[in-house]
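Okay, structure first, notes after.
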Amino acid sequence: MVKRIIVGAHYGLSDWLVQRVSAAYMAVYVLLFALVLLIARPANYVAWKNLFTGQAAKLATFLFLVSLFWHAWIGMRDILMDYIKPVSLRLALEVAVVALLIAYAGWSIQILWSV
């Protein structure tokens, strides 16, 4: 009997699925937002601000940004795992990427809900 030793983090299928679902959501959001822009044709700051006054628009935009950040995290983590071999440097870069993405998410909340 062969005894398999399983090592690694086993991201595989779940991360592949997150990448596909987040990409699909971002694509749908961009298409719908482009349609809204074609219909509403905002010409000034007030018109742009009015596009994001509703909670549904804020939530959809925030979900778009969360999808973008999660998609970016998986991609950056895979790139760092593939190309940065020293573990300490890779860990430091991963922490930096996570910190930036969390900061961007916080900034997104501040921007969207201050409108």
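The values are calculated or read from the model by the stated rules, or taken from the named source; none is laboratory data. Being a predicted model, the structure only gives us computed values, none of them experimental. When we count neighbours, we look across all protein chains shown, and the Cβ atoms used for this are built from the backbone with ideal geometry, even at glycine.
Tabulated data for the structure shown
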{"quantity": "Condition broken by residue 108, with the remaining ones in (1) under 27 Å from residue 50 (Cα atoms); (2) without any contact (Cβ under 8 Å) to a residue 40 or more places away in the chain; (3) small (Gly, Ala, Ser) satisfied", "calculated": "(2)"}
{"quantity": "Any hit, segment 61-79, residues being among the acidic types (Asp, Glu), modelled with pLDDT of 95 or more, within 26 Å of residue 16 (Cβ to Cβ) and assigned to a helix (DSSP H, G or I)", "calculated": "no"}
{"quantity": "Segment 27-52, residues that are in contact with a Phe, Trp or Tyr (Cβ under 6 Å, 6 or more places away or on another chain) and either at pLDDT 95 or above or of a type in the set (A, V, I, L, M) (or both)", "calculated": "29"}
{"quantity": "Looking only at segment 37-75, and only at residues there that are exposed (fewer than 13 other Cβ atoms within 10 Å of the Cβ) and under 22 Å from residue 109 (Cβ atoms), the one that is farthest from the chain's Cα centre (by Cα)", "calculated": "45"}
